[in-house]
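The values are calculated or read from the model by the stated rules, or taken from the named source; none is laboratory data. The shown structure was predicted, so the numbers you read here are calculated from the model rather than taken from an experiment. Cβ coordinates were reconstructed from backbone atoms using ideal geometry, including for glycine residues, and neighbour counts include every protein chain displayed.
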Amino acid sequence: MNPELRLLEALIFASAEPLDERTLADRLGNGVDIVRLLAELKQDYAGRGIDLVSTAGRWSFRTAPDLAEKLRVDAEVQRKLSRATVETLAIIAYHQPVTRAEIESIRGVATSKGTLDILMEAGWVRPGKRRETPGRPLTWITTDGFLDHFGLESLRDLPNLEDLKASGLLDSRPVLTSIQGGAGGAAASEEEG
Amino acid sequence: MNPELRLLEALIFASAEPLDERTLADRLGNGVDIVRLLAELKQDYAGRGIDLVSTAGRWSFRTAPDLAEKLRVDAEVQRKLSRATVETLAIIAYHQPVTRAEIESIRGVATSKGTLDILMEAGWVRPGKRRETPGRPLTWITTDGFLDHFGLESLRDLPNLEDLKASGLLDSRPVLTSIQGGAGGAAASEEEG
Amino acid sequence: MTTEKSNGETAEGQLVLDLDGYEGPIDVLLTLARDQKVDLTRISILQLANQYLAFVAEARRIRLELAADYLVMAAWLAYLKSRLLLPEQDEEEPSGEDLAQALAFQLQRLEAMQEVGAKLVDRPRLGRDVFARGAPEGIQVISRSIFDLSLYDLLKAYTEHKRKEEYGTWRIQPTELYSMEDALQHLSEMLGRLPDWTSLASFVPGAAGDSLLSRSALAAHFVASLELTKAGKLELRQEGVFSPIYLRRVRSQQS
């Protein structure tokens, strides 16, 4: 086996975190075609019990997804996510950057405690830039940890993204201002109180 | 690749500890020749960047010993920050520019010598201008490195109190706390005396 | 909220009300819309409005307490119904059809988010279906800071501090120290009455004993005298190290 490939394999294998291509290239030294090497290594592992995967441009070894059931015995029982949490995560993932008011207008209800903070604690969402509109509301975006956890190479790989875009459903503007206003207003005053 | 070999590979890979042959045989099911499978898997990895090794009859993957040097160079130790340090950083972030005496009066306890040093070493805070009040105390502010580390574009993107309340991070349940007044008074007199 | 169960016999228009399962009125509407078993793009909003109003009426019949937003939605749907049934008059306001379309969009959008949310959480997830190496050997990313602190940790620390601040019991202890502000005021007041060089010590109140208070008073008066001197209101004189300090008003200002 080619020495560069060996070192690349060992580096990714040893690391506790996914490694980006620049870091890998730095470690392998000058003049190395890191993209080609990674492709070759990925090919080596195709069909094995371990996959070489990339999320958010960072590479790591992961067990093959089809073995999930047989490996799961060992896994800690994960906290089940509430419906509100899943919906909120989906809205942030697909509409990002999105403000809390927009999330509420899409869901038609005020965001309860234990939704955004749980998503943030899980390391899946974080505050993004403030929106340059009156009140300068904070926006929410997903993290690299989100991509890693859900095995997405990038946000472009979100399920059904193209369909949703094409059908115009990724418009986060409030549609029923007449009724949303009432509900939203009540929610806001509750929050600020 | 044979399904049993794939599962064996994934099991050893995902385990936090080396696994003995009996455990592995249990996981793979009845009638599996675990010794033969392990030998086969070991053979697969011969000459690669990763070795399948057994120590005291328990199996694990390890990076190849000859690569150790190339892997070790950058190994860094992660340091956990104490609660006091994190709180101090948060107060500097939210109240900057802020003097040490102000930090202490906000926290209600004296700041130990090491706290600001650690934050400086991390590259997150630095001294700002002196306050034009008697004694001209030094103020503390956050750095660009702080923004970098926390993925913030500007200080304005730090969630404010309203945002924190809305996200559920800052809830309004009362907490049991020790009496702050006494400690605060002591700290203040210690500092000013 | 209470849960009402019908005994399996669901008569026409009767609903099994279990509000705990719903995430607000839009969610109820979405569930009702699914019962129409047609594509959401071709949903009958009029029928949907009727279904929702029946739902709310039923809730009231069995004295189920409904949150305000459920009632607001009912009122709005009743209004929408009238707009859809009556000929359009006002050109200014959006037509009943526009409103119905907006509601249909809202439902489609929420349904889409529920669908992709379910798809997301069903993906092979790290730590549940897919596993990272169990025993990494500890190579760190070069660019990574060695300090392990996430934004979440930082914000959590701040909010915990804020909570303590909001709910902690504050006992402001009586000040045992003579403050600089007090000394400054005291000296300024005395300034006009200064005959000539006067020793600093004679200004310090409570000179008896060497309690912390009187020592702090001396220190405070000393700093205050420096401040006033800096401001050009006072002159200071001291014969030698550790000898008494004398002060007097700046005379040039008087003439």
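Couple of notes before you dig in:
- Total residues in segment C:90-111 satisfying the condition of being more than 8 Å from chain A (Cβ to nearest Cβ) and within 32 Å of the chain's Cα centre (by Cα): the figure is 2.
- A:E132 being more than 28 Å from C:A67 (Cβ to Cβ), more than 7 Å from every other protein chain (Cβ to nearest Cβ) and assigned to a loop (DSSP other than H, G, I, E, B): yes
- Check on A:A75, at the interface with another protein chain (Cβ under 7 Å from one of its Cβ atoms) and either under 13 Å from A:H149 (Cα atoms) or modelled with pLDDT under 95 (or both): yes
- Qualifying positions in segment A:76-128 - part of a loop (DSSP other than H, G, I, E, B) and of a type in the set (G, A, S): A:S82, A:G108, A:A110, A:S112, A:G114, A:A122, A:G123
- Residue list for segment A:22-36, restricted to those being under 15 Å from A:G57 (Cα atoms) and surrounded by 15 or more Cβ atoms within 10 Å (Cβ to Cβ): A:T23, A:L24, A:A25, A:I34
- Within segment A:25-49, considering residues that are within 12 Å of chain B (Cβ to nearest Cβ) and hydrophobic (A, V, I, L, M, F, W, C), the one nearest to B:L5 (Cα to Cα): A:A46
- Flag for A:R173 being at the interface with chain C (Cβ under 7 Å from one of its Cβ atoms), within 28 Å of C:Y70 (Cα to Cα) and not aliphatic (A, V, I, L, M): no
- Just one of the listed residues (C:A135, C:A118, C:A75, C:A112) is within 30 Å of B:R6 (Cα to Cα), assigned by the TED database to the domain that holds C:T31 and of a type outside the set (S, T, N, Q), and it is C:A118.
- Within segment A:105-160, tally of residues that are of a type outside the set (S, T, N, Q), in contact with a strand residue (DSSP E or B) (Cβ under 9 Å, 6 or more places away or on another chain), under 20 Å from B:L170 (Cα atoms) and in contact (Cβ under 8 Å) with a residue 40 or more places away in the chain: 2
- Here B:S60 fulfils each of the conditions (1) at the interface with chain A (Cβ under 9 Å from one of its Cβ atoms); (2) more than 25 Å from A:L37 (Cβ to Cβ); (3) in contact (Cβ under 8 Å) with a residue 40 or more places away in the chain apart from (1).
- Residue check for B:T63: of a type in the set (S, T, Y) and crowded, with 20+ Cβ neighbours inside 10 Å: yes
- B:K80 being under 22 Å from C:T159 (Cβ atoms) and surrounded by fewer than 13 Cβ atoms within 10 Å (Cβ to Cβ): yes
- For segment A:63-72, the candidate set comprises residues that are farther than 26 Å from A:R6 by Cβ and of a type in the set (A, V, I, L, M, F, W, C); within that set, the residue that is nearest to the other protein chains (Cβ to nearest Cβ) is A:A68.
- In segment B:13-36, the residues that are closer than 24 Å to A:Y45 by Cβ and basic (K, R) form Cβ pairs under 8 Å with partners that are surrounded by 11 or more Cβ atoms within 10 Å (Cβ to Cβ) and at pLDDT below 90, at six or more places apart or across chains, as follows: B:R27/A:K70.
Each row is one residue, and each column tells you yes or no for (1) in contact with a Leu (Cβ under 9 Å, 6 or more places away or on another chain); (2) at pLDDT 90 or above; (3) part of a loop (DSSP other than H, G, I, E, B).
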{"residue": "A:A10", "(1), (2), (3)": "yes, yes, no"}
{"residue": "A:T23", "(1), (2), (3)": "yes, no, no"}
{"residue": "A:G31", "(1), (2), (3)": "no, no, yes"}
{"residue": "A:F61", "(1), (2), (3)": "yes, yes, no"}
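- Candidates are the residues of segment A:37-59 that are outside any helix (DSSP H, G or I) and over 19 Å from the mean Cα position of the chain (by Cα); the one that is surrounded by the most Cβ atoms within 10 Å (Cβ to Cβ) is A:G49.
- The conditions of being on the phi < 0 side of the Ramachandran plot, more than 10 Å from chain A (Cβ to nearest Cβ), surrounded by 14 or more Cβ atoms within 10 Å (Cβ to Cβ) and β-branched (V, I, T) are met by B:I103.
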